[in-house]
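The numbers here are math on the coordinates, done by the rules we state, and not lab data. Nothing here was measured: the structure is a model prediction, and the numbers come from that model. Methodologically, a virtual Cβ is constructed for each residue, glycine included, from the backbone with ideal geometry; neighbour enumeration extends over all protein chains shown.
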Amino acid sequence: MTDRLKGGFLLGASAMVLATAIGGAVLAQDVAAQVVGAALDTASTGEASSGVIVLGADARRHRLVSAAGLDGLEVFDLTGARLGAVPAGEAGGLDVRYGFAIKGRPEALLVATDKTVNALRFFAMRDGAPVEVGARAVPVGFAVEDVCLLRNASDGGLYAFAVGDGGEIEQLLLYADAEGRVDARPARRINLPSKVKYCVADDATGQLYVSQQAVGVWRFNGDPEADAAPALVDAAGLGRISEESGSLALYDGGPGARYLLATDASSGRLFVYDHDAGDAWRGAVSLTGRGGAPIKEPGALQAVGAPLGVGLPSGALLVADEDAPGGADYKLISITALTGALNLSAGTPQDARAVAAPRFPAVVAVAETAPVGSPGDAADDPAIWADPFNPANSLIIGTDKKAGLNLYDMQGRVIQHLPDGKMNNVDLRDGFMLGGQPVVLVTASDRTNKAVAIYRLDTQARRLIDVADGVQATGQGDPYGQCMYRSALSGKTYVFINDSNGEKRQWELVDAGNGKVRAVRVRDFAFSSQVEGCVADDATGQLYVAEEDVGLWRLSAEPDGGAAMTMLARITDNPALKDDLEGVGLYDLGDGRGYLVVSSQGNDSYAVFRREGDQAYLGSFIVVADGARGVDGVSETDGLDVTSRNLGPGFEHGALIAQDGRNVLPGENQNFKYVPWKSIAETLGLEIRR
Ligand code: CA
Ligand code: CA
Ligand code: CA
Ligand code: CA
Ligand code: CA
């Protein structure tokens, strides 16, 4: 996935986006511009690199914080009077978000670039002044131009984007450690081929806007657990921008009144784009100070959607004016005056201090496997073996569907790699009698050989050993979804594999008498569309199969079970489910009780159903990033496995093991994440097996 974010991809996409998104070239100098004057000019200062208004508990406690170069962070009140300064290195870019928990207490967090050392520094606004709270100056490793913050709605995480002179867009996850010090880890990198001077991100939509000076304004999806989805909003020469793209701000006046504000660096004008209408251009204005002197080269911007007193009923656009006649200062432009000049609505200012609740209850993964060897969509499906004698020695088998199987320990380290073909799904059952000895039997759907791959897990040597009695052909064009079943009625062990067309087959696995295992076909049945994820309930003889676009089915797992099936959860009946439905797992509480867990891939969540009785839907959860631990969230899960068995320290009550479609923090090949069941149970009010 990371390779798709490289500059080459973006360059390739840009011509296409331009052709479709920007209809007709309109030069900025042809555009008539209304003049909008400032409601307030601040006191002049040495350097006005960028500023933010930080909202306080009441109007008297609102502050304007200025990144003032070597003067650090300067503080003004909203009459424009300078109150003081705190050291911050060489402060350049600056942004703020509210409700960031430090030692459990929500704070207004400021991030500033330190241009001398190309690092990010963190401050909490306390009693109207910035207090440095960073564990360290976090180096970004390039010439940093600007920084912006995003509270990512899909996982609740606070991210910083540092943008650079060489086109770098580095996304970092911010977190506070146990001592309350704020730190950051690289989450992913997007590269543009030339200088990115400004950025701004939108918490409501998760979108990131960057200004690539020589090119124009780009929009990306700022969620690191989603495709970056680059789109060019405007471009020099081909769109409205005359020569160089300038600074950026976003104003949120609620639905229908959300605007992207961008300066056209060469003309000094401010362009307004309709954020709710695909960033369609709505007009241009020229800005002046309170006395009418033009702001010739507007610098960094911030739009604040909150009533800020007389003349600023819907908030202000804060404009850094480094070339003001009396010395650098900031201008506060009324949002109402700005939107009024273009016959646009200012809407109802949305309080930036409000922090949205997560879309589903959230848990974190406490461990992750090493990345798989293959790039792109490669990791797919896990299987869990719980060591009954030494739980800490439990093992996870995961497919690399482009290369083979990997065996992992409970820390996620690879302890065996088998380059045996395109293994799609994998499952296991213990107690299989082979040559008179009980073994852990592992099977996988092998798309290379169109076969049932069969192994035994040597639990002492911690190795998988091929025990297939020759190639066990499935007779299918493309063996795909797969799971195993051990019948409580007969004691026999089976494997189900479906073709990618939805036809499913069942084989009995039999001791071939030579230390090998053979697959004997016992049943065929079919689904009307693509299925993949499945799990068999050995205690009840039921098989659960996810039909990706339809829902979760239940049918008999016995070879004479016939074709009758029951729809347990239809996607169209439950708004928490979003296609595709993928991996399915079973949490066994004993006595036939427990839970079914299904990957709702389309909304990066997991739905939980009661195993017994009415099999009611009990709720959904998401797996989000843990900055302190350095494990990213889980998105677009294909395969998963669930156990209630003890898997050692941290997993005493079992675990969910889930494939992660985007392994970030930092960006690497896909992998599998380990989530303790205890945290899922606590989050959704479920039981744990004791
Ligand atoms: Ca996938
Ligand atoms: Ca599996
Ligand atoms: Ca699938
Ligand atoms: Ca992830
Ligand atoms: Ca990761």
If unit charges are put on Cβ atoms (+1 for Lys and Arg, -1 for Asp and Glu) and the dipole of the chain is taken about its Cα centre, the option from T79, G590, W281 lying farthest towards the positive end turns out to be G590
List the residues, sorted by chain then number, that are 5 or more residues from S394 or on another chain and whose placed amide H is less than 5 Å from its amide H. D387
Electrostatic dipole magnitude of the stretch 623-690 [Cβ: Lys, Arg +1; Asp, Glu -1; Cα centre; debye, to 20]: 280
Mind pulling the per residue volume of the convex hull built on the Cα atoms of the stretch 292-418? Å³ is fine. 253
Expected unfolding gain across K103-R290 under the 0.36 nm per residue rule, minus the alpha-carbon gap, is 63.1 nm
Given C-alpha coordinates of the stretch 449-499, what is the ratio Rg to Rh with the Kirkwood estimate of Rh? 1.02
Could you work out the equivalent-ellipsoid semi-axes for the stretch 430-514, taking the square root of 5 times each eigenvalue of the Cα gyration tensor, largest first, in whole Å? 22, 15, 11
Mind pulling up the Rg/Rh value for the stretch 203-315? Radius of gyration and Kirkwood radius, both on Cα. 0.98
Once phi is turned into θ = phi - 60°, what whole-Hz ³J(HN,Hα) does the Karplus curve with 6.51, -1.76 and 1.60 give for every residue of the stretch 509-522, x standing for Gly and Pro? 9, 10, 5, 7, x, 10, x, 10, 10, 10, 9, 10, 5, 10
How about the stretch 140-245: which trypsin sites (Lys or Arg not before Pro) there are in a DSSP loop, with at most 14 other Cβ atoms within 10 Å of their Cβ? none
Quick one: length gained pulling R570 to R181 fully straight, 0.36 nm per residue minus the C-alpha distance? 135.4 nm
GluC sites (Glu not before Pro) lying in DSSP loop within the stretch 147-188, provided at most 11 other Cβ fall within 10 Å: E179
Tabulate in residue order the Karplus-calculated ³J(HN,Hα) for the stretch 357-367, using 6.51 cos²θ - 1.76 cosθ + 1.60 with θ = phi - 60°, rounded to whole Hz; enter x for Gly and Pro. 6, x, 5, 9, x, 10, 10, 10, 7, 9, 8
Could I have the simple spin-label model distance between L489 and F142, label points 7 Å from Cα toward Cβ, reported in nm to one decimal? 6.2
Efficiency of FRET between D377 and L83 - r from beta-carbon atoms, R0 51 angstrom, step 0.05: 0.45
Any chance you could tell me what percent of the C-alpha pair distances in the stretch 191-234 go past 16 Å? 32
Expressed in angstrom, Rg and Dmax over the Cα atoms of the stretch 403-475 are 12.3, 38
Considering amide H positions built from the backbone, and no H for Pro or chain starts, which residues 5 or more places from V439, or on another chain, come under 5 Å of its amide H? G431, F432, M433, L434
Expressed in angstrom and ordered largest first, the alpha-carbon extents of the stretch 33-92 along the principal axes are 38, 32, 15
If the cut-off is 20 Å between C-alpha atoms, which lysines fall inside it for K402, apart from same-chain ones fewer than 8 positions away? K422, K450, K673
Once R0 is set to 56 Å, what does the formula 1/(1 + (r/R0)^6) return for the Cβ-Cβ distance between R282 and V414, expressed as a FRET efficiency to the nearest 0.05? 0.55
For the stretch 268-338, I need the span (max minus min coordinate) of the C-alpha atoms along each principal axis, in Å, sorted largest to smallest. 39, 27, 18
Placing unit charges on C-beta atoms (Lys and Arg positive, Asp and Glu negative, everything else neutral), compute the dipole magnitude of the stretch 204-259 about its Cα centre in debye, rounded to 20. 180
Lys, Arg +1 and Asp, Glu -1 on Cβ, resulting dipole of the chain about Cα centre, debye, nearest 20: 600
Taking only Cα atoms of the stretch 498-605, radius of gyration then Dmax in Å: 15.1, 52
Highest-first arrangement of 222-229, 125-132, where packing means the average Cβ count within 10 Å: 222-229, 125-132
If you project the alpha carbons of the stretch 600-688 onto their three principal axes, what span does each projection cover, largest first, in Å? 43, 32, 20
Express the C-alpha Rg of the stretch 343-470 as a ratio against the empirical globular expectation 2.2 N^0.38 Å, rounded to two decimals. 1.54
Which distance in nm do the two modelled labels at T348 and D430 give, with both placed 7 Å along the Cα-to-Cβ direction? 5.9
Simple spin-label estimate for N514 and L618 in nanometres, 7 Å along Cα-Cβ: 4.7
Going by amide H atoms built from the backbone, whose H comes under 5 Å of the H on K422, apart from near neighbours? R447, T448, N449
In deg cm²/dmol, rounded to the nearest 500, the helical mean residue ellipticity at 222 nm of the chain, built from -39500 (n - 2.57) for every DSSP H run of length 4 or more, is -1500 deg cm²/dmol
Quick one: P(r) of the stretch 123-199 from all Cα-Cα pairs, 5 Å bins, percents rounded to integers, in order of increasing distance. 3, 15, 21, 23, 19, 12, 4, 1, 0
When all alpha-carbon pairs of the chain are counted, what percent fall beyond 38 Å? 42
List, in order, the whole-Hz ³J(HN,Hα) value for each residue of the stretch 73-89 obtained from phi through the Karplus relation with A = 6.51, B = -1.76, C = 1.60 and θ = phi - 60°; use x for Gly and Pro. 9, 9, 10, 10, 8, 7, 8, x, 7, 7, 9, x, 8, 10, x, 8, x
Top positive-direction residue, dipole computed over the chain with Cβ charges, set G141, A68, A625: A625
Cα lying deepest toward the dipole's positive end in the chain, options A370, A473, V272, charges on Cβ: A370
